[in-house]
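K.L.:
Input: one structure, supplied below.
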């Protein structure tokens, strides 16, 4: 969720703000790991994914070749390709874990 948040903030051109988990890039596990905290983390991922999609839909195509606003020396196009690859990588990890878990 963090990198979707960071990319969205770059697309929107706003200040970095405050990500709800800390440390933001590699957040610690909650003090209590239970269904409530797991549901909260899943909701955070969903919210950030949906917010990123909205930001991409509103982003002007003519700015894709421009350098990003402070995230790196990459263009917005490279930034978007990077977040797509990042999400695909983690989706593959989840699929592999589900497969290893077996049916049920």
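K.L.:
Do you know which residues across segment 31-79 are without any contact (Cβ under 8 Å) to a residue 12 or more places away in the chain, loosely packed, with under 12 Cβ neighbours inside 10 Å and part of a loop (DSSP other than H, G, I, E, B)?
P.N.:
31, 32, 33, 34, 60, 66, 72, 73
K.L.:
If residue 19 passes every condition in (1) touching a helix residue (DSSP H, G or I) at 6+ places or on another chain (Cβ under 8 Å); (2) not in a loop (DSSP other than H, G, I, E, B) but one, which one does it miss?
P.N.:
With (1) touching a helix residue (DSSP H, G or I) at 6+ places or on another chain (Cβ under 8 Å); (2) not in a loop (DSSP other than H, G, I, E, B) applied to residue 19, the lone miss is (2).
K.L.:
Then there's this: Filter segment 40-90 down to residues that are over 21 Å from residue 16 (Cβ atoms) and touching a helix residue (DSSP H, G or I) at 6+ places or on another chain (Cβ under 8 Å), then give me how many there are.
P.N.:
Selection size over segment 40-90: 2.
K.L.:
Still on this structure, I have one more. From the list 70, 14, exactly one residue is modelled with pLDDT under 90 and at positive phi. Which is it?
P.N.:
70
The values are calculated or read from the model by the stated rules, or taken from the named source; none is laboratory data. Because the structure is a prediction, the values reported are computed rather than measured. Every residue, glycine among them, receives a Cβ derived from its backbone with ideal geometry; neighbour counts consider all protein chains shown.
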